[in-house]
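Inspection log for the structure reproduced underneath, given as C-alpha cells.
The values are calculated or read from the model by the stated rules, or taken from the named source; none is laboratory data. As the structure is a computational prediction, the values presented were derived from the model and not from experiment. Every residue, glycine as well, gets a Cβ built from its backbone with ideal geometry; the counts of neighbours run over all protein chains shown.
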C-alpha cells in the first residue's frame with residue numbers, strides 16, 4: 001500500500017530538517033513512534049507500546065535548488081506490529097510561502113488499516129507544523145487535542161441523556177464533523193494526493209521517486225520492500241548515521 005501526506009510549514013527548511021532528522025525531536029511529535037534509538041551505521045530501532053521494529057537509512061540528498069530528501073527502509077517481525085515492512089522518503093521543498101514537507105511510502109500491513117495509518121501520519125505532520133509555527137510544544141498539543149476530544153464526548157453524552165433521539169443524533173454528527181480548533185492538530189489539514197487541488201498545492205508536480213541503489217543493498221531482515229528515494233538535481237547519496245522512520 002502507498003500513502004502520501006503533505007503539509008506546508010511556515011518555517012525555515014533547516015529548522016524542519018532538525019525537527020525531523022534529530023531522533024530526540026522526532027519522537028516528540030510523531031504519534032506513530034514512542035521511542036526511536038540509533039543503533040549506528042545508519043540503523044535505528046523504533047518502538048510503540050512495547051512493539052519494536054528496525055530501520056536503515058538509504059541516504060540523504062541535497063539538490064542545487066534547495067530541495068532535500070531522505071529515504072528509509074523499515075520493518076518488524078513482531079507478530080503484533082501493525083506493519084510488516086515498508087520503504088519511503090521525506091522531501092523538503094522550499095517555497096516563498098514556507099517549506100512543503102511531504103512523505104510518500106509503501107508498506108505491507110499486518111494489522112493497521114490504511115486509513116488509520118494515513119490519519120496517524122497526517123495528524124503528526126500537523127502537530128509538527130503547529131509546533132514550529134506557534135512554539136507550542138508537541139506534548140502540550142497532544143494534551144490540547146485530548147481535552148478537545150473529551151469536551152466533544154461530554155457534549156454528546158449530555159445530549160444523549162437530556163435530549164430527544166433526533167437532537168442527540170444531531171449533536172453526535174456535529175461533534176464528529178465539526179473541525180478542530182485552529183490550535184489543535186488535525187489530519188484533515190494535510191494533503192492526501194499530490195495532484196489534488198489544495199491550498200498547499202504546488203505550482204508544479206514533483207517527478208516520481210526513483211529507486212535507490214543503496215536501499216537494494218540493505219539487509220533483507222529489516223524490510224523486504226525496496227526503498228524509494230527522491231530524484232535530485234545534483235549531489236550524491238550518502239548514508240546517514242541515523243534517521244527516523246518515514
Is it the case that some residue within the range 75-90 is buried (at least 23 other Cβ atoms within 10 Å of the Cβ), closer than 18 Å to residue 11 by Cβ and modelled with pLDDT under 95?
yes
Report whether or not residue 168 is surrounded by 12 or more Cβ atoms within 10 Å (Cβ to Cβ) and part of a helix (DSSP H, G or I).
yes
Every residue in the range 91-115 that is within 25 Å of residue 8 (Cα to Cα) and at pLDDT below 90, please.
105, 106, 107, 114, 115
Candidates 231, 150, 159, filtered to the one that is at pLDDT below 85 and farther than 30 Å from residue 71 by Cα:
159
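The rows are residues; the columns are (1) part of a loop (DSSP other than H, G, I, E, B); (2) in contact with a strand residue (DSSP E or B) (Cβ under 7 Å, 6 or more places away or on another chain); (3) more than 21 Å from residue 189 (Cβ to Cβ).
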position	(1), (2), (3)
79	yes, no, yes
92	no, yes, no
108	no, yes, yes
112	yes, yes, yes
121	no, yes, no
143	no, no, no
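Here's the yes/no breakdown for (1) surrounded by fewer than 10 Cβ atoms within 10 Å (Cβ to Cβ); (2) at pLDDT 90 or above:
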{"residue": "181", "(1), (2)": "no, yes"}
{"residue": "190", "(1), (2)": "no, yes"}
{"residue": "200", "(1), (2)": "no, no"}
{"residue": "203", "(1), (2)": "yes, no"}
{"residue": "212", "(1), (2)": "no, no"}
{"residue": "216", "(1), (2)": "no, no"}
Considering (1) over 30 Å from residue 69 (Cα atoms); (2) in contact (Cβ under 8 Å) with a residue 40 or more places away in the chain, say which one residue 181 fails and leave the rest.
(2)
Hits in the range 34-50 (condition: surrounded by fewer than 18 Cβ atoms within 10 Å (Cβ to Cβ), touching a strand residue (DSSP E or B) at 6+ places or on another chain (Cβ under 9 Å) and either on the phi > 0 side of the Ramachandran plot or assigned to a loop (DSSP other than H, G, I, E, B) (or both))
34, 41
Which of the residues that make up the range 121-141 are surrounded by fewer than 17 Cβ atoms within 10 Å (Cβ to Cβ) and closer than 25 Å to residue 52 by Cα?
139
Residue that is surrounded by the most Cβ atoms within 10 Å (Cβ to Cβ) [pool: residues in the range 5-31 that are touching a helix residue (DSSP H, G or I) at 6+ places or on another chain (Cβ under 7 Å) and in a strand (DSSP E or B)]:
5
Could you tell me how many of the residues in the range 112-160 are more than 28 Å from residue 98 (Cβ to Cβ) and in contact (Cβ under 8 Å) with a residue 60 or more places away in the chain?
1
Scan 59, 88, 53 and give me the residue that is in contact with a strand residue (DSSP E or B) (Cβ under 9 Å, 6 or more places away or on another chain) and either in a helix (DSSP H, G or I) or closer than 15 Å to residue 121 by Cβ (or both).
88
